[in-house]
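Taking it in order: structure first as structure tokens, then the write-up.
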Amino acid sequence: MLTILLCVPNSSGFPGRDEGKTMAADVTLALSPPSSSSNRHYVSNRPPLAPSPLVKLPIGTIEPSGWLLTQLRLMKDGLTGHLPELSRFLQEDSGWITMKGPGWEEMPYWLKGFADLGYILKDPAIILTANKWLDLAFQSQQPDGFFGPPENRKKKDLWPNMLVLSCVQSLYEASGDARVRPFLTRYFRFEQGLPEADLLPGSWQKLRGGENLESVYWLYNRTGEPFLLDLARRIYERTADWETDIVNPERDANWEISGFYHGVNITMGIRYPAVYYQQSRDRKRLDIVEKNYRLIMDQYGQQPGGMFGADENIRPGHGDPRQGAETCSLVEFMNSHEALLKITGETRWADRCEEIAFNSLPAAMTADLRALHYLTAPNLISCDRTGEHDFQNDGTLVSYDPWSYRCCQHNVAFGWPYFAEHLWLATSDDGLAAALYAPCAVKARVGAGTEVRIIEDTDYPFGDRVDFTVEVPESVRFALYLRIPGWAKDVALSINGKGRPEALQAGAYAVIRREWKNGDRVRLSFSPRLELKVWKKQKNSISVRRGPLWFSLRIGEEWKRYGGTDPWPAYELLPTTPWNYGLVIDPGDPASAIRMAGRKPPAAQPFTLEAAPIMLKARARRLPEWKSEGRMAGLLPASPVISAEPEMEITLIPMGCARLRIASFPQVIGK
Ligand SMILES: [Zn+2]
């Protein structure tokens, strides 16, 4: 079955909050876990902060398996695990070692993902290396609480330290390291003692102050020291204004110099009003975040894959799906969605996070995770190094290179680990929520404190069902929340093989409250439909979707080495087959346009051209007048386009498997 959607940016059609609509004895629907209680087993928001509907489990409690474990292992063997051999910012002269020269964001960007990777994989070698860097940060703390390279202090730049705060929080979650809480307390006292003018005076730190704010809440929830809430208020007030409409005429006029228009800043800053909502408890701050998400996606995100075009900055007039998103933006947007999921409990943020993770992030790297590029776009026909692209920056931005792309080279490290850490979350009513879907197992305390293990067996996002097996030492009552994605249409739930009659609503959670026994099984089955999405504001172009996956034209790949070393080569990726197709859609019979042509179980690394687990066939015609501009796809022609070229079938594969891609197509009418 095939349905046509009009473009409402990533809406999950939320009807409002109506927690606990009863359906049958032990299965209910909820739009969020309750916000009236607090989880008893995992650190939640401490009053007066707003209660947390969903709470992060300590790192290490979730064990990824299947294709996700493969990503993490490839990271270890790839760029992230070996970055000290490659990056000039991780050498002996780093300011983070010498505490003399420059030491800015690069080392902590990398450490944030690298160390978490070690904790998730329980890898002693990674943890040992991470600890060496962390030890230096601890040792550098001065009597007044400042830490890190003194050069940052001279510049009054708190930004790089914000990243280290995240690193030590992970260390504490993973090991309970006794240095962490006093270290953070001293540092926040240092910040509290800063005169107003020296607290986030300008530049990146001012635009990114919400990162610091989150760490202050993390410590407050553990120590309850009142000064932290005062500091949090000051930090929020000193952070740049992310409450105003995120795109507006005044900023349009200054797009080149406005830090508000830098893609990475947007992906981070967009969540800050919701972070501060936890303290202010003013729900309009949550509404602001949703409004700004829609504003940015409405103008620059009319494309599949969960991102918006910002090839450095968003540029007024540059909304075509050929504009790319920086790799830093991919992982930071995922991180913001994960944070918003915990703050609001709402499933739409999980949908948005998955959309990036499955469709955009894999293509930012080579399949062996040993090289990356700076910009990834839904329509990207050549990953060359010529610079013949209409991007804001000149130079090489799309070739795959382990030696280049400075910020992204380091920051890409936290994408998959943070994703893996948010697969399961504790709920405010002492239950567990399956929030993001991927193969894994979780071990956590529920109910009055019983430790349970749940094995999640699935090929999702390539497979259509998720199987859970519950392991408990004794029967125990708790609530199991299963997210129903916003795209879901026909969802079936069974418990111990017995189908449930309830209609499960997209965008809600199915909440199963029961006395769980060892070996209980739950199956959640989706029957995703093939859907066509019309991007009305992007020339009526269309994209093909099936559940959490968007699809791209399969373009032949030629990998051409141009640099690097034998173990760490740099590649251009060039097309060997045509790309300029439009899809032939009969408005009266859209179902005839596309068909399923092949499926196979996902390989260990499914995100490659050859391994694509799902293959579709679509009716198409070439569009000779849709030409490349330099090495870039020409701007999308206005649809429908008339073509006299012969009709043929083309192959579509999941976007995440395609590094050369056309995922937004013109619609074609035959002559
Ligand atoms: Zn970057």
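The values are calculated or read from the model by the stated rules, or taken from the named source; none is laboratory data. All figures in this text were calculated on a predicted structure; none of them were measured in a lab. Cβ placement follows ideal geometry from the backbone for every residue including glycine, while neighbour counts extend to all protein chains displayed. These accessible areas exclude ligands, DNA and RNA; they are computed on the full protein's heavy atoms, side chains included. Shrake-Rupley method; radii C 1.70, N 1.55, O 1.52, S 1.80 Å.
Here's the yes/no breakdown for (1) among the β-branched types (Val, Ile, Thr); (2) over 16 Å from residue 419 (Cα atoms); (3) not in a helix (DSSP H, G or I):
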residue: 70; (1), (2), (3): yes, no, no
residue: 74; (1), (2), (3): no, no, no
residue: 84; (1), (2), (3): no, yes, no
residue: 96; (1), (2), (3): no, yes, no
residue: 135; (1), (2), (3): no, yes, no
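Evaluate the following for residue 193: is it in contact with an Asp or Glu (Cβ under 8 Å, 6 or more places away or on another chain) and open to solvent by 20 Å² or more (accessible area, probe 1.4 Å)? Outline the logic, then answer.
Details: in contact with an Asp or Glu (Cβ under 8 Å, 6 or more places away or on another chain): yes; open to solvent by 20 Å² or more (accessible area, probe 1.4 Å): yes.
The answer is yes for residue 193.
Hey, does region 486-504 have a residue that's aliphatic (A, V, I, L, M), in contact with a strand residue (DSSP E or B) (Cβ under 9 Å, 6 or more places away or on another chain), on the phi < 0 side of the Ramachandran plot and modelled with pLDDT under 95? It would help to see each step written out before you state the result.
Going through region 486-504, the residues aliphatic (A, V, I, L, M) turn out to be 488, 491-493, 495, 503-504.
With in contact with a strand residue (DSSP E or B) (Cβ under 9 Å, 6 or more places away or on another chain) added as a condition, the list becomes 488, 491-493, 495, 503-504.
Restricting the remaining residues to those that are on the phi < 0 side of the Ramachandran plot gives 488, 491-493, 495, 503-504.
Those left that are additionally modelled with pLDDT under 95: 503-504.
Yes, there is a match, as at least one residue in region 486-504 is aliphatic (A, V, I, L, M), in contact with a strand residue (DSSP E or B) (Cβ under 9 Å, 6 or more places away or on another chain), on the phi < 0 side of the Ramachandran plot and modelled with pLDDT under 95.
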Failed item, numbered, when residue 376 is tested on (1) away from the ligand (no atom under 14 Å from the Cβ); (2) closer than 18 Å to residue 309 by Cα: (1)
Residue ID - nearest to the ligand (Cβ to nearest atom), chosen from residues in region 324-361 that are buried (at least 24 other Cβ atoms within 10 Å of the Cβ) and among the small types (Gly, Ala, Ser): 329
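Taking the stated definitions as given, is residue 282 open to solvent by 20 Å² or more (accessible area, probe 1.4 Å), under 25 Å from residue 191 (Cα atoms), of a type outside the set (S, T, N, Q) and without any contact (Cβ under 8 Å) to a residue 40 or more places away in the chain?
Values: open to solvent by 20 Å² or more (accessible area, probe 1.4 Å): yes; under 25 Å from residue 191 (Cα atoms): no; of a type outside the set (S, T, N, Q): yes; without any contact (Cβ under 8 Å) to a residue 40 or more places away in the chain: yes.
No, not satisfied.
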In region 392-417, residue nearest to residue 63 (Cα to Cα) [restricted to those that are surrounded by fewer than 22 Cβ atoms within 10 Å (Cβ to Cβ) and away from the ligand (no atom under 13 Å from the Cβ)]: 403
Pair list, Cβ under 8 Å, 6 or more apart: region 148-173 residue on the phi > 0 side of the Ramachandran plot, other residue surrounded by fewer than 24 Cβ atoms within 10 Å (Cβ to Cβ) and charged (D, E, K, R): 156/198
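Please verify whether region 289-307 includes one or more residues that are within 16 Å of the ligand (Cβ to nearest atom) and either of a type in the set (Val, Ile, Thr) or in contact (Cβ under 8 Å) with a residue 12 or more places away in the chain (or both).
Yes: region 289-307 contains one or more residues that are within 16 Å of the ligand (Cβ to nearest atom) and either of a type in the set (Val, Ile, Thr) or in contact (Cβ under 8 Å) with a residue 12 or more places away in the chain (or both).
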Candidates 579, 559, 535, filtered to the one that is at pLDDT 95 or above and surrounded by fewer than 18 Cβ atoms within 10 Å (Cβ to Cβ): 559
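Tell me, yes or no, whether region 362-370 has at least one residue that is within 15 Å of the ligand (Cβ to nearest atom) and of a type outside the set (A, V, I, L, M, F, W, C). Walk me through it before giving the result.
Taking region 362-370 and keeping what is within 15 Å of the ligand (Cβ to nearest atom), we get 364-365.
Now narrow it down to the ones that are of a type outside the set (A, V, I, L, M, F, W, C): none.
No: zero hits.
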Residue 372, sole failed condition from (1) open to solvent by 30 Å² or more (accessible area, probe 1.4 Å); (2) in contact with a strand residue (DSSP E or B) (Cβ under 7 Å, 6 or more places away or on another chain): (1)
Which numbered condition residue 82 misses (of (1) open to solvent by 40 Å² or more (accessible area, probe 1.4 Å); (2) in contact with a Leu (Cβ under 8 Å, 6 or more places away or on another chain)): (2)
Failed criterion for residue 169 (all others in (1) modelled with pLDDT under 95; (2) assigned to a helix (DSSP H, G or I) hold): (1)
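The rows are residues; the columns are (1) surrounded by fewer than 23 Cβ atoms within 10 Å (Cβ to Cβ); (2) under 20 Å from residue 355 (Cα atoms).
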| residue | (1), (2) |
| --- | --- |
| 588 | yes, no |
| 617 | yes, no |
| 629 | yes, no |
| 654 | no, yes |
| 664 | no, yes |
| 668 | no, no |
